[in-house]
Amino acid sequence: MNCTSDELSFVVPLSFEAHSMAQEFSKGIPSEKVQQVYLNSLAVYAVDNYLRCMGFNPDWENSHSRNNLAIQLMNVADLEVKNFGKLECRPVLVDEEKVEIPAEVSDDRIGYVAVQFDSSLKTAKILGFTRNYAAEIPLNQLQSLEDFLMYLTECEVVQSHQTEAKLVTVNIGEWIDGFVDAAWEKLDRLLTPQQLGVAFKNEISVTRGQKIDLGIQLDKISLALVLKVTPEENSNEVSILTQLHPFKGITLPEGVKLIISDELGEVVLEQESREDDNWIQSAFDVELGEKFRIGVSYKENSVEREFEF
Amino acid sequence: MNHNLQERDDVLNLKLQQLVEEIKRCSANSGSATIRGKRRIALNKLVNAIQSSGRLSKQSKWLGEPNYEDYYNEALQLTLMEVCQKIDEYNPQYPVMAWVNKIFNWRFSDVRNKELRRGFTQIPKHQKAAIVLCLDDIKSENLLPNDKSELEQLKEIIQKDSEGFLKSEYLSKYPQVNLQTILLMLLAEKRWKEISQELGVPISTISSFYQRRMSKIIDYIQKYI
């Protein structure tokens, strides 16, 4: 971040509401810690306000910074953002050149936001953020608020896609009858001709796939989850072949998992990609009326789809 | 009106209108993160431009009020929130600042009425109303009541550790380092660096161990408060 005036910032005026909350949280706090608790509260208040202005859904109520006991035991200024994790809101005074992040909040944060105050405490200026923990960060090395808004928005969109897809149970019986949910595409839209050649040819089966995006930014990977459903003759069963390919790519990253589980979430089959695998697959049979789930995971990120026949 | 001033207002309005148009072009419900993100960036720019426009109402009608500046800030904060939330309802026939100031005037009287009412009904006579403190006020001990008894009670609960939970949670490689030890050191205002040196465990190891158990610690201690 350069200190030019074009740099995006956000100034929150602080008055009765902000200060009465900070005073409320400072009650009963030993005097050595009062300034810390007071400024932490104003910082979280400001970021909460900023996020709501920007149309996000912060949940301060359920954050440690709102818990009287937690603020005595930790130097904490966290703000839960619904469905995607905690931000840590760190106060900086106007004459300071770096933001300090206490060790007890180094884990479990999606980012650290720097909030600047002058000695009047009548405004809070949101300066920028960083995704990764460091004990202190010079203000001129913070990422901009443009990056911050893009990053949080990406978290939000990934999250909402995953929630939507998770809610529907896909009925593969209907696939055989020729009704395929538009979320499941024909394979030529997901795979290259080379990938198609080795993967799926033939018969009376129905084959569909879906693009799966896992993770965000640096950890982001795109995969094609493919399902081939073949009715078994004279039987109430279908056989399922499911494969995971790189989306329009050649090899899978190492450590991608394809997990088949039953209705209760019990894992039935699990495959993991090794170095240079072009795809991984699992095959199994499903009886009429049975439900199953296919999960895809890579590092800490995972998605799951539910099916029934 | 002075010709130059009029011209300046027109330039400002054009700039603000362009930002509003950009916001409206990018739907808040778009499935694309890029579009939603762009909307937010434009919204942030709009708020900055409004605040630095020099055209926000001075609310001069209320200049004589004792809490004028605090009313002003409270009302402005509410106004900016409302502008962000209702931006799609803005009618471009009117200048942006006229719309913003109309909201600002409403919020100013709301805030003033609310604070006056609160002053009459809720605040005991000898106590000051909620006030906006500055950094020096916070540093001076008299302004905020601080009570050592809560801290003492907390230390006692941790020392007693009635169910033995705090002692039973220890670092696997350093069995002498348990939650009770860490908590007591923290409450004695020791910094992580000192704690790490005294116990001979790296800061990151010990602080990770501690913060991962925070929710459990809270649930446990809460039972005895």
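Bear in mind that the values in this text are calculations on the coordinates, not laboratory data. Remember, predicted model here, so these are calculated numbers, not experimental data. Neighbour counts run over all protein chains shown; Cβ positions are idealised from the backbone, glycine included.
Summary table
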item: The range A:220-225 - phi-based ³J(HN,Hα) in whole Hz, Karplus 6.51/-1.76/1.60, Gly and Pro as x; result: 6, 10, 10, 10, 10, 9
item: In degrees, nearest ten, helix B:203-212 long axis to first principal axis of chain B (Cα); result: 80
item: Sites B:ARG8 and A:SER9, calculated FRET efficiency, Cβ-Cβ separation with R0 22 Å, nearest 0.05; result: 0.40
item: Anisotropy class of the range A:6-64 from Cα gyration tensor, a/c 1.5 cut; result: prolate
item: Estimated Rh, the protein assembly as shown: Kirkwood, alpha-carbon pairs, angstrom; result: 27.1
item: Net charge, B:GLY37 excluded, C-beta distance under 10 Å - Lys, Arg +1, Asp, Glu -1; result: 0
item: Distance between modelled label sites at B:ALA49 and A:ASP262, nm, 7 Å Cα→Cβ extension; result: 6.1
item: Among A:PRO58, A:PRO231, A:PRO91, residue whose mean-square fluctuation peaks in a GNM of chain A (springs only between Cα atoms under 10 Å); result: A:PRO231
item: Cross-link partners of B:LYS223 among aspartates and glutamates (Cα-Cα below 17 Å; sequence separation of 8 or more within a chain); result: B:GLU150, B:GLU152, B:GLU156, B:ASP161, B:GLU163
item: Within a Gaussian network of chain B (alpha carbon springs, distance under 10 Å), most fluctuating of B:ARG40, B:ARG117, B:ARG212; result: B:ARG212
item: Cross-link partners of B:LYS61 among lysines (Cα-Cα below 23 Å; sequence separation of 8 or more within a chain); result: A:LYS122, B:LYS102, B:LYS114
item: Residue mean of other protein chain beta carbons inside 10 Å, B:23-31; result: 1
item: Nearest-ten-degree value, helix A:145-167 long axis tilted from longest Cα axis of chain A; result: 40
item: Chain A: most fluctuating residue of A:GLY255, A:GLY28, A:GLY128 per GNM, C-alpha cutoff 10 Å; result: A:GLY28
item: Shielding by other protein chains, A:109-120, mean Cβ within 10 Å; result: 1
item: Listed peptides A:135-144, A:29-38 by packing density, highest first (mean Cβ within 10 Å); result: A:29-38, A:135-144
item: Highest-first arrangement of A:14-24, A:293-303, B:49-59, where packing means the average Cβ count within 10 Å; result: A:14-24, A:293-303, B:49-59
item: Coil-residue GluC sites (Glu not before Pro) of the range B:1-53, DSSP, other Cβ within 10 Å capped at 15; result: none
item: Set of lysines with alpha-carbon distance to A:LYS257 below 30 Å, sequence-local pairs under 8 removed; result: A:LYS82, A:LYS86, A:LYS166, A:LYS186, A:LYS201, A:LYS211, A:LYS220, A:LYS228, A:LYS248, A:LYS291, A:LYS299
item: Expected 222 nm ellipticity per residue - DSSP helices of 4 or more, -39500 (n - 2.57), all of chain B, to 500; result: -20500 deg cm²/dmol
item: Within 10 Å of each Cβ in B:41-47, the average number of Cβ atoms from other chains; result: 5
item: Loop chymotrypsin sites (Phe, Trp or Tyr not before Pro), the range A:81-187, which have at most 15 other Cβ atoms in a 10 Å radius of their Cβ (DSSP); result: A:PHE179
item: Residues with amide H under 5 Å from that of A:ASP118, placed H, sequence gap 5 or more; result: A:THR123
item: Pair B:SER162, B:ASP136: separation of 7 Å Cα→Cβ label points (nm); result: 4.7
